[in-house]
Amino acid sequence: MTRIVFLDRDTLSPETTLREPEFTHNLVLYRRSTPEEVAGRIADADIVITNKAPIRADAIAGAPRLKLIAVAATGTDCVDLSACRKAGITVCNIRDYATNTVPEHTFALMLALRRSILPYRQSVIDGRWQEARQFCFFDHPISDLSGSTLGIVGHGALGRSVARIAEAFGMTVLVADRKGAGVPPTGRTAFDEVMRRSDVITLHCPLNAETRGIIAAREFALMERKPILINTGRGGLVDEQALVDALDAEQISGAGFDVTDGEPPALDSPMMRIAGRPNVILTPHVAWASWQAIQALADQLVENIELFQRGTPRNVVG
């Protein structure tokens, strides 16, 4: 009987229905798995499901029956893809399930920061409206999205969806070419120029060796328009200490992050040190987590496993 092990079921909401695969199987659900627990839990598995639990070379070497790793997410940086290729293990991921929820969260962060929603809310709670003694007050800056320039780093399904929404807001959209590339192709703008010209910069690229730290001190120094930086991609895309320094130096106007480099972040981490600032919004990696998106993910996950079992794998990575 095919043994399926889900290493971190709690990464999907309890309201999400996880349909049983239609073939004969034994499904073992773990709420969560530490890196030290992974090897033992997958040792006799034929199929492993993981969202964020890391599956490294040593665990793969100790799982001789393993044929498929079904990642319950789009990002696959939690899996040693090279070790899987050597062992003949198929890896598949989830695609195009979050094309509404992540862009909507991106714009929620963008609008809240550009319009100082949280500082104004706090001012009202603190009694500032009564103190002002008139119908409004102007303690915090407010800027329209219309007429501003949005720089998009990463132009896959999510980046394209963000671009469509931005155009509806009346924003000028610049799609960044690869960092360090030569003359950009039609429809793209040189990476450094995007840094210089944008009023808002949003990140939608995967985390890999090429993109880790893609925004660091050098890039912040290029940001002539003091933009807001939005990151709903991966925490490692941004050098977090450089982000703190950029905020302190007023190289950027604000930051809206849904991700950190290491999750959850340590209490003394750079992101937690700035989380309470009025021009910073930090949410707990929930941009993807509308109930509609999570259910679509779960349905696609099971379909990926069934298709692999039938000999027609889908969304194969690498």
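Right, ALA266: hydrophobic (A, V, I, L, M, F, W, C) and within 19 Å of the chain's Cα centre (by Cα) or not? Show your work before the answer.
Values: hydrophobic (A, V, I, L, M, F, W, C): yes; within 19 Å of the chain's Cα centre (by Cα): yes.
Judged against the criteria, ALA266 is a match.
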Condition check for LEU207: open to solvent by less than 40 Å² (accessible area, probe 1.4 Å), closer than 30 Å to SER82 by Cβ and modelled with pLDDT of 95 or more: no
Options VAL259, VAL286: the member that is of a type in the set (A, V, I, L, M, F, W, C), part of a loop (DSSP other than H, G, I, E, B), open to solvent by 40 Å² or more (accessible area, probe 1.4 Å) and at pLDDT 95 or above: VAL286
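Condition test on ARG234, is it open to solvent by less than 50 Å² (accessible area, probe 1.4 Å) and among the basic types (Lys, Arg)?
On the way: open to solvent by less than 50 Å² (accessible area, probe 1.4 Å): yes; among the basic types (Lys, Arg): yes.
Spelling it out, ARG234 is indeed open to solvent by less than 50 Å² (accessible area, probe 1.4 Å) and among the basic types (Lys, Arg).
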Exclusive hit being surrounded by fewer than 17 Cβ atoms within 10 Å (Cβ to Cβ), basic (Lys, Arg), part of a helix (DSSP H, G or I) and at pLDDT 95 or above, set ARG273, ARG277: ARG273
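With respect to ARG164, determine if the residue is basic (Lys, Arg), closer than 18 Å to THR99 by Cα, in a helix (DSSP H, G or I) and under 18 Å from the mean Cα position of the chain (by Cα). Steps first, please.
On the way: basic (Lys, Arg): yes; closer than 18 Å to THR99 by Cα: yes; in a helix (DSSP H, G or I): yes; under 18 Å from the mean Cα position of the chain (by Cα): no.
No; evaluated as a whole, the condition is false for this residue.
Anything in the stretch 122-138 that is part of a loop (DSSP other than H, G, I, E, B) and either open to solvent by 70 Å² or more (accessible area, probe 1.4 Å) or in contact with a Cys (Cβ under 8 Å, 6 or more places away or on another chain) (or both)? List them, or say none. Give the derivation first.
We begin by selecting, within the stretch 122-138, every residue part of a loop (DSSP other than H, G, I, E, B); these are 126-127, 133-138.
Result: ASP126, ARG133, GLN134, PHE135, PHE138.
Quick one: is ILE201 open to solvent by less than 10 Å² (accessible area, probe 1.4 Å), among the β-branched types (Val, Ile, Thr) and either touching a residue at least 60 places away in the same chain (Cβ under 8 Å) or part of a helix (DSSP H, G or I) (or both)? Spell out the reasoning first.
Details: open to solvent by less than 10 Å² (accessible area, probe 1.4 Å): yes; among the β-branched types (Val, Ile, Thr): yes; either touching a residue at least 60 places away in the same chain (Cβ under 8 Å) or part of a helix (DSSP H, G or I) (or both): no.
No; evaluated as a whole, the condition is false for this residue.
The values are calculated or read from the model by the stated rules, or taken from the named source; none is laboratory data. Small disclaimer: the values here were computed from a predicted structure and weren't measured. Cβ: placed from backbone, ideal geometry, glycine included. Neighbour counts: every protein chain shown. To get the accessible areas, we keep the full protein, side chains included, count just its heavy atoms, and leave off ligands, DNA and RNA. Shrake-Rupley method; radii C 1.70, N 1.55, O 1.52, S 1.80 Å.
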